[in-house]
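Right, one structure below, let's go through it.
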Amino acid sequence: MSQVIDFPTPPSGGSGGWEHVICDRPIRMRWGFWRTPHVIQVHLQSAAVWEDYRAECQAQGKDPSGQMPAGFVLDGGLHYTALALLRHREDEAALQDVGYLAALMEALLNTPCAILRTDLIRRVYQEVEALSARLGLRWRGGAQRFMLPLNEDARDPHHFARRVAPLADLQEFFDTLRQIALERHQALAQGYVLYYPRRGGL
């Protein structure tokens, strides 16, 4: 995907109108220009169009915040997942662990699964606690969703549940969630840009 879409890349140093760039790898992250408290997850194609618009506005001395690209608003539990990605942005292994922890939470709270109806659920909670402590990631309030969305989810909203629900072996459960987290991490890295609220808004 990233090889097909011509996404603007800042010159080294990030100056000359590119001060909004947080990082381009492993995941593309930018500071947003809009008055919103939410992180916005934008598909690469829409982000590329908006970045071209931003550059044109700045070249003309105009404010680019009047136009906003279409994307997912990461509120509720998704907001905390996105903040954890920002915090660990330089460590790809930690980014994948954030995705794995989000998948564990999604399974525990939103997915019927044979393993979670047995005493093995204690091992799952232990895994969650260990990862949460290591990553400094805890979801507050009534968080309902944890894994960052992908466009593919709209086409097959029950894909995650179908893969997880039949699992009856604990190691297979962990391995499957690790694989799902890796797949989603790769899709996020290749196909999306995360726009964070202005520095004072986080």
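Each reported figure results from applying straightforward, stated rules to the coordinates on display, with no laboratory input. Values in this document were obtained by computation on a predicted structure and should not be read as measured data. Every residue, glycine among them, receives a Cβ derived from its backbone with ideal geometry; neighbour counts consider all protein chains shown.
Taking only DSSP H segments of four or more residues, each worth -39500 (n - 2.57), what value at 222 nm results for the chain once the sum is divided by all its residues, to the nearest 500 deg cm²/dmol?
-15000 deg cm²/dmol
To the nearest Å, what is the center-to-center distance of segment 155-202 and segment 81-125, using C-alpha atoms only?
9
To make sure I understand, if each residue's beta carbon is the centre and we count other beta carbons within 10 Å, what order do L170, L44 fall in, fewest to most?
Working: L170 15, L44 18.
Ordered by Cβ neighbours within 10 Å, fewest first: L170, L44.
Using 7 Å Cα-to-Cβ label points, what is the A165/R140 separation (nm, one decimal)?
That separation, rounded to one decimal, is 3.5 nm.
Net charge near A47, counting Lys/Arg +1 and Asp/Glu -1 over other residues with Cβ under 9 Å of its Cβ?
In short, +1.
Could you tell me the relative contact order of the chain? Use alpha-carbon pairs under 8 Å, at least six residues apart, and round to a whole percent.
Contact order relative to length: 37 percent.
Test of understanding: ordering I180, I121 by Cβ neighbours within 10 Å, fewest first, what list do you get?
Lowest count first: I121, I180.
Relative to the longest principal Cα axis of the chain, at what angle does helix 77-87 sit, 0 to 90 degrees, rounded to 10?
Compared with the principal axis, the helix lies near 70 degrees.
Run the numbers on segment 96-159 and let me know its relative contact order in percent, using alpha-carbon pairs under 8 Å that are six or more apart.
46
To test your reading of the geometry: what angle, between 0 and 90 degrees and rounded to tens, separates the Cα axis of helix 44-59 from the longest principal axis of the chain?
Value to nearest ten degrees: 30.
Give the calculated FRET efficiency between R87 and S65 to the nearest 0.05, with a Förster radius of 25 Å applied to their Cβ-Cβ distance. Don't skip to the answer; put the middle values down first.
Values: r = 25 Å, r/R0 = 1.01.
Here the calculated transfer efficiency is 0.50.
What's the Cα-based Rg to Rh of segment 60-128, Rh via Kirkwood?
Using Cα coordinates only, the ratio equals 1.19.
Run the numbers on segment 77-188 and let me know its relative contact order in percent, using alpha-carbon pairs under 8 Å that are six or more apart.
Reported relative contact order: 44 percent.
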